[in-house]
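The structure appears right after this line, and notes come after that.
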Amino acid sequence: MNNDFFRNIIRQSSLFILLSVIIAFCVNGLRSAPLPLIGNWSHEGRIIAKAGKNMIIPIEDVRKLFADKKAVFIDARSFEEFKAGHIQSALNLPWNDFNNLFNSVAPEIPPDKTVIAYCDGESCGTSKELELALALKDLGYSDVRVLVNGWSVWVHHKLPVESVETGWTFEK
């Protein structure tokens, strides 16, 4: 008798859960903007989700903007990381010190150029470069983009870099 009682509870609970899942899928399908069933949890996916639009710029476009001198690069990493090496002619505006340092950097950011914020993977937490880009957008800069894993990608493609510590410059 106890076995029948527990089997009945398990069967009813299973049916209840199955019915709940079916109803949830149906309701989601009827929404005007259904929620995605599978999320994109990559760094790029989180940036797009947080920004509400795609602010990511591919390295090919970045390379052209750099060559044509039509972009200002802003490094969101710490000053220590920036000193060790950064994109040639980039400005350092660490996200953690944005409020204190922005006014000193602002005159070097022309409003007619594309602003490319970058950082470098894990050292930047979830998205310092995105937070920096969104703050610049809020301040009126119209063309602000994010180069995901910017420093690593830049170095990987052997693009021009420089270092404050050593004074070296590497150009391809």
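Once the Cβ-Cβ distance of Asn28 and Asp4 is raised to the sixth power relative to R0 = 45 Å, the FRET efficiency obtained is 0.80. A straight chain from Lys137 to Val21 at 0.36 nm per residue would run longer than the Cα-Cα distance by 37.7 nm. Close amide H pairs (under 5 Å, H built 1.01 Å from N) link Leu91 with Phe73, Ile74, Asp75, residues at least 5 positions away or on another chain. Each of His156, His86 was scored by other Cβ atoms within 10 Å of its Cβ. Listed from fewest to most, they are His156, His86.
Exposure proxy shown here: for Ile22, Ile87, the number of other Cβ atoms within 10 Å sets the order, fewest to most, as Ile22, Ile87. The 3J(HN,Hα) values that the Karplus relation (6.51, -1.76, 1.60; θ = phi - 60°) gives for the range 5-12 are, in residue order, 4, 5, 4, 5, 5, 5, 5, 5 Hz. Gly and Pro appear as x.
None of the figures in this text is laboratory data; all of them are computed from the coordinates on show. Note that the structure is predicted; figures quoted are calculated from it, not measured. All Cβ positions, glycine included, derive from the backbone under ideal geometry; neighbour counts span all protein chains shown.
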